[in-house]
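Below you'll find the structure, written out as structure tokens, and then a few comments.
The values are calculated or read from the model by the stated rules, or taken from the named source; none is laboratory data. This is a predicted model, so every value here is computed, not measured. Virtual Cβ from ideal backbone geometry, glycine too; neighbours counted across all protein chains shown. Each accessible area value is taken on the protein alone, full model and side chains, heavy atoms only, with ligands, DNA and RNA left out. Shrake-Rupley method; radii C 1.70, N 1.55, O 1.52, S 1.80 Å.
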Amino acid sequence: MKMFHQIWAALLYLYGILLNSVYQCPEHSQLTTQRVDGKEFPEPHLGQWYFIAGAARTKEELATFDSVDNIVFNIAVGSPPTQLQLHATIRTKNGSCVPREWIYHLTEGSTDLRTEGRPDMKTQLFSSSCPGGIMLKETGQGYQRFLLYNRSPHPPEKCVEEFQSLTSCLDFKAFLLTPRKQGVCNQSSN
């Protein structure tokens, strides 16, 4: 009987190792950071992006998006080319359109983007397995969140599921999916 318990314990131990290796959450360092060389922004990242979903450790870190139906971003190279100009049109759930603009600064020798006027905020770009997708990680004073963007306003459901699974595995369990039920705002809408 003792030998049976030892064999059973060994089998459970091996099963645990196998299960852990199959379902192991990727370390943060294993996420593929998009290369930003500090001199100019990669061309494939310019243009129009739709905000799809966000994940954070707490709901409070996503509260800024609670009233949002959809957000469309347009990213263009600034002058000098170490600046990115972001123009966003935010459609709120009550139908209002809110324009926003800000500037990212590329940091030489780093993959970080810095937001003008927000010295506490750092943004990192990560690749996404989703076609036409990209992930951002924003870190600021009192918050840390992952954001999923896509070239399409309605990417495949699998993209959202993979994003939620990855971020949950990294202990970012609060999740927000933008409804995207209303039409997008025009850049000139107010």
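For the reader, a short list of remarks on this structure follows.
- Yes/no for Asp69 being in contact (Cβ under 8 Å) with a residue 40 or more places away in the chain and either among the acidic types (Asp, Glu) or at positive phi (or both): yes
- As a summary of the residue check, Gly95 satisfies the conditions (1) over 21 Å from Phe146 (Cα atoms); (2) without any contact (Cβ under 8 Å) to a residue 40 or more places away in the chain except for the one numbered (2).
- Of all the residues in the stretch 137-165, those that are surrounded by fewer than 21 Cβ atoms within 10 Å (Cβ to Cβ) and either more than 13 Å from Tyr50 (Cβ to Cβ) or touching a His at 6+ places or on another chain (Cβ under 9 Å) (or both) number 14.
- Failed condition for Ile134, given (1) open to solvent by 40 Å² or more (accessible area, probe 1.4 Å); (2) on the phi < 0 side of the Ramachandran plot: (1)
So that you can scan it fast, the table gives a plain yes or no per residue for (1) among the hydrophobic types (A, V, I, L, M, F, W, C); (2) over 21 Å from Ala63 (Cα atoms):
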site	(1), (2)
Gly133	no, yes
Lys137	no, no
Arg145	no, no
Leu148	yes, no
His154	no, yes
Glu157	no, yes
Leu166	yes, no
Gly183	no, yes
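- Residue satisfying all of: in the stretch 111-127; hydroxyl-bearing (Ser, Thr, Tyr) and surrounded by 14 or more Cβ atoms within 10 Å (Cβ to Cβ); farthest from Gln48 (Cα to Cα) among these: Thr111
- Residues satisfying the stated conditions in the stretch 81-102, i.e. within 20 Å of Asn186 (Cα to Cα) and of a type in the set (A, V, I, L, M, F, W, C): Leu86, Ala88, Ile90, Cys97, Val98, Trp102
- Selection of the stretch 76-123 for residues being under 30 Å from Gln182 (Cα atoms), part of a loop (DSSP other than H, G, I, E, B) and in contact with a Ser or Thr (Cβ under 6 Å, 6 or more places away or on another chain) yields only Lys93.
- Any chance Ile52 is under 21 Å from Cys185 (Cα atoms), among the hydrophobic types (A, V, I, L, M, F, W, C) and either in contact (Cβ under 8 Å) with a residue 60 or more places away in the chain or in contact with a Lys or Arg (Cβ under 6 Å, 6 or more places away or on another chain) (or both): yes
- Filter pass, Ser29 being open to solvent by 100 Å² or more (accessible area, probe 1.4 Å) and either in a loop (DSSP other than H, G, I, E, B) or modelled with pLDDT of 55 or more (or both): no
- Restricting the first member to the stretch 163-179 and to residues that are within 25 Å of Arg91 (Cα to Cα) and in a strand (DSSP E or B), and the second to residues that are of a type in the set (Asp, Glu) and open to solvent by less than 50 Å² (accessible area, probe 1.4 Å), the beta-carbon pairs closer than 7 Å and six or more apart or on different chains are Ala174/Glu61.
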